[in-house]
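Structure first, then comments.
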Amino acid sequence: MRLLIGIDDVDSPRGMCTTYAGALIAEALREVEGLSFLDYPFLIRLNPNIPFKTRGNGAVAFYLEVPEYHYDYLKETLVSIIERALIRSRRKPEPVIVFYKGTSSKLRRFYEKALTSMVTLSYAERLANELGVEYYALGKGGRGLIGALAAIGAIPLREYTFELLLYRSPSKRGRRAIDPKWILEIDRKYRDYVFANFDFSSKRLLAVPHGPDPVLVGIRSVNPLILDEVRIFLTAKCGDVKKWIIYKTNQGTGVHLKRSLKIAAVKPYDSCTISGVVSSNPSILKGGHVKIKVRDDSGEIDCVFYKETGFLNRVARFLKQGDRVAVGGGIRPASSRHGLTLNVEVLRVVETVKIRKVYNPRCPRCKHRMKSAGRNKGYKCPKCGFKSKNVRKEVVVEDRILEPGVYLPSPIAYRHLSKPKRLMGWDVKYLSNLH
Ligand code: ATP
């Protein structure tokens with residue numbers, strides 16, 4: 001029988017992470033006689049703007065062919081693996097593991113909602129019960145059901161990349177023993193097939209996390225075969241590697257911003273793209289963040305380009321009232337200090353307005369700038385005294401620095417789902433099918 005398994009919310013601020021639990025489960029699944037993986041393990045990133053996430057709002061899923069007689073044993077084994085992996089803290093975790101034998105377009109829709117908006121636990125529970133999804137909540141609460149259900153709803157992924165994750169022992173803390181030179185060597189060798197490993201502008205390593213989780217390093221690629229070579233290379237260099245896994249993932253595809261919304265329809269915590277006209281020139285806020293307003297035929301919204309987005313923040317300063325743009329990002333709820341705001345992750349400049357400046361004419365005799373001689377009296381030159389009613393104002397169309405195109409943040413500000421510059425214009429699905 002075909003079986004989908006989804007897991008989420010295994011991590012806590014004190015350690016562990018859902019991807020590591022996925023690696024433990026993958027190891028256990030490999031031992032089950034007669035079981036086959038119908039695809040890679042999946043790492044599914046969901047709406048990056050929801051407040052409940054610990055880090056990257058990731059959930060894990062498996063798509064398997066399992067002998068029917070193993071089903072109960074499998075459920076028991078996997079539940080106990082997750083229970084043993086948990087590091088409990090005051091509020092977290094709220095782990096849930098789901099098992100589903102069917103297929104349903106409703107699950108796909110649930111995934112799309114969880115990717116782009118805030119969904120309620122009661123909606124997830126209703127759907128799981130309606131479809132007959134078996135689920136086990138192993139902590140204080142059952143919030144993990146949302147991510148676990150969305151993760152199985154994402155299968156099969158239509159656009160995807162891959163990530164190799166290497167782990168050290170979960171009990172090991174402190175600096176990760178990864179030499180940045182190794183990552184640069186990988187980046188140089190496989191450039192165009194790997195991405196988001198290093199930010200060359202800020203000289204920051206992106207592949208190595210800093211939290212208390214067991215991830216040693218994560219290398220992202222459009223080709224899983226390259227990742228196998230990378231795994232052999234890094235395992236030979238770093239003695240701390242205790243476990244590894246290659247996930248197929250929606251990371252680097254930009255899917256969370258594919259939903260276009262009218263401004264009047266956006267809700268707090270949505271991830272979306274809105275199209276409209278810049279209705280106020282940029283203002284610079286405290287901290288160097290840039291704010292503009294964008295208007296469409298349904299309303300107007302503040303859009304903020306945070307200083308941390310680096311290149312994007314610098315580009316936003318060149319926008320002008322009247323420019324046609326599409327802006328993608330997360331909706332920040334209104335507060336006493338600001339209204340509903342779009343925190344911009346991607347900017348597409350569709351069309352720039354021409355900036356026309358009108359000056360008094362130059363004197364035909366001495367080229368000095370003339371002055372008005374009074375109402376309906378033409379102009380006179382303050383330098384040589386020349387007067388004329390036949391000279392006209394000079395209209396100058398200023399060159400714009402900003403050109404139509406897509407503008408992205410500096411890599412240091414990429415979110416897991418952001419489509420990086422290296423993959424712009426590439427069909428990631430096609431590329432990952434090259435193997
Ligand atoms: P890690 O990457 O270590 O797993 P995380 O950042 O993924 O950490 P989680 O512990 O998984 O954080 O917490 C996210 C929680 O939010 C989960 O309980 C998940 O079910 C829930 N969740 C995910 N997407 C949504 C959504 N769109 N609306 C409401 N809740 C969501």
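The values are calculated or read from the model by the stated rules, or taken from the named source; none is laboratory data. It should be emphasised that the depicted structure is a prediction, and the values quoted were computed from it without experimental measurement. Ideal geometry is used to build each Cβ from the backbone, glycine not excepted, and the neighbour counts take in all protein chains shown. Keep in mind that these areas ignore ligands, DNA and RNA; they rest on the heavy atoms of the full protein, side chains included. Shrake-Rupley method; radii C 1.70, N 1.55, O 1.52, S 1.80 Å.
Quick one: ranking Ile219, Ile284 by accessible area, 1.4 Å probe, largest first, what do you get? Working shown, then result.
Details: Ile219 0, Ile284 95 Å².
Ranked list, largest accessible area first: Ile284, Ile219.
So for each of 377-389, 34-46 I average, over its residues, the number of other beta carbons within 10 Å; can you give me the resulting order with the highest mean first?
34-46, 377-389
Can you give me the accessible area per residue for segment 323-435, using a 1.4 Å probe, in Å²?
Per residue, segment 323-435 has 63 Å² of solvent-accessible surface.
What 222 nm value per residue comes from the helices of the chain, counting each DSSP H run with n ≥ 4 as -39,500 (n - 2.57) and dividing by all residues, nearest 500 deg cm²/dmol?
-6500 deg cm²/dmol
Rounded to the nearest 10 Å², what accessible area does Glu229 have for a 1.4 Å probe in the complete protein model?
In the full protein context, Glu229 sits at about 90 Å².
What percentage of the solvent-accessible surface of the chain, computed with a 1.4 Å probe over protein heavy atoms, is contributed by carbon and sulfur atoms?
Of the solvent-accessible surface of the chain, carbon and sulfur hold 51 percent.
Helix 18-30 versus the longest principal axis of the chain: what angle, 0 to 90°, nearest 10, using Cα atoms?
40
Could you please put Cys366, Cys238 in sequence from largest to smallest accessible area, using a 1.4 Å probe?
Cys366, Cys238
Which peptide among 391-401, 326-336, 268-278 comes first, and what is the full order, when sorted by highest mean count of other Cβ atoms within 10 Å?
268-278, 326-336, 391-401
If Lys and Arg each add +1 and Asp and Glu each add -1, what is the summed charge of the other residues whose beta carbon sits under 9 Å from the beta carbon of Val358?
Taking every other residue near Val358 into account, the sum is +2.
Show me, for segment 185-201, the HN-Hα J-couplings you get by feeding each phi into the Karplus relation (A = 6.51, B = -1.76, C = 1.60, θ = phi - 60°), rounded to Hz, glycine and proline as x.
Those phi angles translate into 5, 4, 4, 5, 5, 10, 3, 5, 10, 10, 8, 6, 9, 8, 9, 5, 6 Hz.
Treating only the Cβ atoms of Lys and Arg (+1) and Asp and Glu (-1) as charged, compute the dipole magnitude of segment 161-249 about its Cα centre; round to the nearest 20 debye. Walk me through the intermediate numbers first.
Values: 17 positive and 10 negative charges, 66 e Å.
Computed charge dipole of segment 161-249: roughly 320 debye.
Distance cut-off 31 Å, Cα to Cα: go down the list Lys53/Lys75; Lys113/Lys203; Lys203/Lys419 and report the pairs above it.
Too far apart for the 31 Å limit: Lys113/Lys203.
Return the lysines within reach of Lys377: Cα separation strictly under 30 angstrom, same-chain partners fewer than 8 residues apart disregarded; answer none if there are no such residues.
Filter leaves Lys357, Lys367, Lys387, Lys389, Lys393.
Only Lys, Arg, Asp and Glu count, each charged at its Cβ (+1, +1, -1, -1), so figure out the dipole size of segment 234-302 about its Cα centre, rounded to 20 debye.
360
Give me the one-decimal nm value for the distance between modelled label points at Leu38 and Glu134, 7 Å along each residue's Cα-to-Cβ direction.
1.7
Tally Lys and Arg at +1 and Asp and Glu at -1 over the other residues with C-beta under 15 Å from the C-beta of Glu185: what net charge comes out?
For residues surrounding Glu185, the net value is +3.
In the structure displayed, which of Lys140/Lys307; Lys106/Lys248; Lys106/Lys421; Lys106/Lys267; Lys189/Lys258 lie more than 28 Å apart, Cα to Cα?
Check vs 28 Å cut-off fails for Lys140/Lys307; Lys106/Lys421; Lys189/Lys258.
As I understand it, the dipole of segment 161-249 uses +1 on the Cβ of Lys and Arg and -1 on the Cβ of Asp and Glu, about the Cα centre. Which of Gly174, Ile219, Asn197 lies farthest toward its positive end?
Farthest towards the positive pole: Gly174.
Go through Phe311, Phe110 and list them by solvent-accessible area, largest first, probe radius 1.4 Å.
Phe311, Phe110
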